[in-house]
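To start, the structure under review is shown below, and the notes come after it.
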Amino acid sequence: MALIDVQKVVKQFRKGPETITPLQETDLQVEKGEFVSLMGASGSGKTTLLNLIAGIDRCTSGRIVVNGADITTLSRTRLAQWRAGNIGYIFQTHNLIPVLTAYENVELPLLLLPMSRSERQKRAEIALRAVDLVDRANHYPRQLSGGQEQRVGIARAIVTDPTVVVADEPTGSLDAETADQILQLIVQLNSDLGTTLLLVTHDPDVAATAGRQLKLVQGKLVEDRRAQPAVAMRQEAV
Amino acid sequence: MFKFAPYVIKTLLRHHTRTLLTVSGAAVAVFVYCFVLAVQEGLERLTTQDDSVLVAFQANKFCPATSHLPQDYEHVIRKVPGVRDVVPIQVFTNNCRASLDVVVFYGTHAEQVRQVRDFELVSGSWEEFEANQDTAIVGQALVARRASKIGQNVSVGDRLTIGNLNVTIAGVFTSENRAEEDYVYCHLDFLQRTRGTDLVGTVTQHEVFLQPGADPQQIAAAIDAKFKSGQIPTDTRTKGVFQASSLQDLIQLIDLVRYLGWACLGLMTVLLATTTVMGVEDRIREHAVLQTLGVTGTRVFRLVLSECVLVSFGGGLTGVLIAVAVLAASSLSVGAEAVSIAFTPSTSMAATGVIVSALIGIVAGIAPAWRAARADIVTALRYAG
């Protein structure tokens with residue numbers, strides 16, 4: 001059984017007199033350890049699909065099963081608890097908590113899990129080491145560069161060792177060089193740690209780094225390509 | 001919940017000016033509320049004193065300056081069954097109307113003061129007072145008030161002059177009943193003779209102390225009956241009722257002041273709710289991020305509520321501490337008709353202030369916390385604020 005099983009999912013919402021349908025009867029299966037990119041133009045429904053899988057939005061109809069749990073039937077509170085243990089979310093604009101240090105931001109999701117203080121400390125340090133930011137642990141977000149902020153965001157997303165990491169345009173607000181570094185880091189997460197990754201982007205080059213590339217047009221999956229990731233190819237070439 | 005305490009505290013400190021202003025506003029409101037409570041408590045202490053003391057006053061007279069009872073009524077009253085002791089008192093006050101600086105002289109038998117009052121001398125000596133006709137003992141609150149209000153330092157051996165009354169201070173006393181500390185106790189003969197009017201043989205009132213278990217109403221009626229057809233009829237009431245009737249005008253004002261206290265609490269609630277709503281609106285996106293990470297709506301509710309309660313509690317505690325300090329240091333009192341209401345800090349006042357401020361924090365925080373907890377995550381993440 002697939003790790004993520006999206007079955008005939010429809011998402012509709014009303015905007016004034018109009019009913020908008022960003023997702024139309026979408027089906028998708030993602031296996032454990034896969035790195036999937038979702039590409040499409042603005043309004044194609046890619047972020048909506050990502051949010052539904054991450055459990056921060058509700059579908060109008062259909063079913064989403066992640067790691068055996070039907071998240072469409074969970075209550076608001078249960079869904080939040082489920083997210084704490086199963087989802088790591090990387091935002092486009094980092095969305096770090098400004099009053100907390102890098103370390104505290106990374107530790108934050110662990111506060112929601114039954115875990116001792118020493119265990120939390122150990123995990124947060126490992127996550128910060130993974131993104132090479134141990135020396136910035138006590139810095140506040142305002143004291144970090146955009147790239148460093150995003151790395152803290154990545155550390156925060158992986159610190160709970162979630163079932164799925166979802167990334168919504170993670171390089172969208174970064175310059176080309178930093179974006180490349182962040183992308184490398186994300187690819188590494190998948191290749192080194194075997195993290196299941198779902199990445200939303202409108203950039204074909206970014207999408208090409210994923211092992212599987214999906215394309216959405218007007219709420220429908222129109223393309224599903226499995227290819228050897230570009231980064232992996234580069235690594236192999238080296 | 002305490003795992004998130006650093007986040008709550010850091011959030012409050014992030015907008016430190018706003019937090020400080022809100023805490024200050026809450027402190028001012030609670031200060032005023034505590035002041036009102038102190039006034040009410042002072043009045044309550046006066047008017048609900050135990051029923052074992054009666055005051056016999058001249059019937060149909062309301063001001064101490066116009067009540068003139070024969071001094072020898074003392075002997076008649078003493079014979080009424082149930083009466084333990086009688087203290088004839090000549091009262092002189094510098095101001096019969098309501099004032100914040102009333103000085104009241106109680107002229108009585110010096111040797112009786114020690115028996116019927118719980119005074120403790122902090123300086124001077126009882127012997128000096130009892131031996132010299134022109135001496136007086138002065139309440140500590142009055143001494144403090146004279147010093148702070150008119151810069152007159154009054155201590156043992158000094159002369160205290162009010163109008164044409166001039167006494168030497170033989171002692172300064174404290175009392176469990178703080179209102180007593182606003183009075184000056186001097187010799188009855190001295191007060192009857194010294195002001196140019198010969199009041200020898202008359203007193204303003206008789207204070208009647210009852211035996212344990214005696215019925216105050218029955219004894220008051222018996223006293224009044226004794227003098228009903230006599231030279232000057234009396235009107236005898238328990239001390240609490242007597243003082244309440246003397247302060248009737250002030251009681252109405254103090255009742256009105258209660259609404260001022262409530263209004264302050266209302267303003268504090270609105271201020272806290274407004275600040276918390278502003279804080280929530282500033283952090284719509286932040287709360288959505290927290291919820292994305294797995295923080296439940298209930299926890300977001302509790303976090304916002306905690307912030308509001310902390311600010312309210314901090315302000316309340318500050319207001320209470322300031323009120324206690326000001327009330328303790330100022331020895332404030334208001335008097336009318338030779339009866340004084342002392343504004344003193346009390347444990348119940350402080351506890352009420354702190355508890356009320358915490359409750360206001362909860363009430364003011366509910367709506368903003370609910371709003372933060374129920375916000376749609378996806379919409380909030382798009383919020384640019």
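The values are calculated or read from the model by the stated rules, or taken from the named source; none is laboratory data. Model, not experiment: these values are computed from the prediction. FYI the Cβ positions are ideal-geometry reconstructions off the backbone, even for glycines, and counts take in every protein chain you see. Note: accessible area is taken over every heavy atom of the protein model, side chains too, but ligands, DNA and RNA are not part of it. Shrake-Rupley method; radii C 1.70, N 1.55, O 1.52, S 1.80 Å.
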* What helices (runs of 4 or more DSSP H) completely inside the stretch A:123-231 contain at least 1 residues that are at pLDDT 95 or above and either polar (S, T, N, Q) or in contact with a strand residue (DSSP E or B) (Cβ under 6 Å, 6 or more places away or on another chain) (or both)? -> A:146-158
* Out of all the residues in the stretch A:8-31, is one or more crowded, with 23+ Cβ neighbours inside 10 Å and either under 16 Å from the mean Cα position of the chain (by Cα) or within 30 Å of B:Arg302 (Cβ to Cβ) (or both)? -> no
* In the stretch B:153-174, how many are closer than 13 Å to B:Ser125 by Cβ and open to solvent by 60 Å² or more (accessible area, probe 1.4 Å)? -> 1
* Say whether the condition of being within 14 Å of another protein chain (Cβ to nearest Cβ), surrounded by 19 or more Cβ atoms within 10 Å (Cβ to Cβ) and charged (D, E, K, R) is met by at least one residue in the stretch A:124-146. => no
* Limited to the stretch B:24-35, what total is found for residues that are open to solvent by less than 40 Å² (accessible area, probe 1.4 Å) and either within 23 Å of B:Glu176 (Cβ to Cβ) or in contact with an Asp or Glu (Cβ under 7 Å, 6 or more places away or on another chain) (or both)? -> 1
* Structure fact -> Counted residues in the stretch A:44-74 being free of Cβ contacts under 8 Å to residues at least 40 places away in the same chain, more than 10 Å from every other protein chain (Cβ to nearest Cβ) and not hydrophobic (A, V, I, L, M, F, W, C) come to 3
* Before we move on, is B:Lys228 away from chain A (no Cβ under 14 Å), among the basic types (Lys, Arg) and free of Cβ contacts under 8 Å to residues at least 24 places away in the same chain? -> yes
* To do: Please note which helices (runs of 4 or more DSSP H) are completely contained in the stretch B:236-328 and include at least 2 residues that are under 17 Å from B:Met349 (Cα atoms).
  => B:248-282
* Identity of the residue in the stretch A:78-113, open to solvent by 60 Å² or more (accessible area, probe 1.4 Å) and modelled with pLDDT of 95 or more, that ends up nearest to the other protein chains (Cβ to nearest Cβ) -> A:Gln81
* For residues that are surrounded by fewer than 17 Cβ atoms within 10 Å (Cβ to Cβ) and charged (D, E, K, R), scanning just the stretch B:229-262, find the one that is modelled with the highest pLDDT. => B:Arg258
* Applying the selection to the stretch B:303-343, what residues are open to solvent by 20 Å² or more (accessible area, probe 1.4 Å), closer than 19 Å to B:Gly361 by Cα and of a type in the set (A, V, I, L, M)? -> B:Leu305, B:Val309, B:Leu310, B:Leu317, B:Leu321
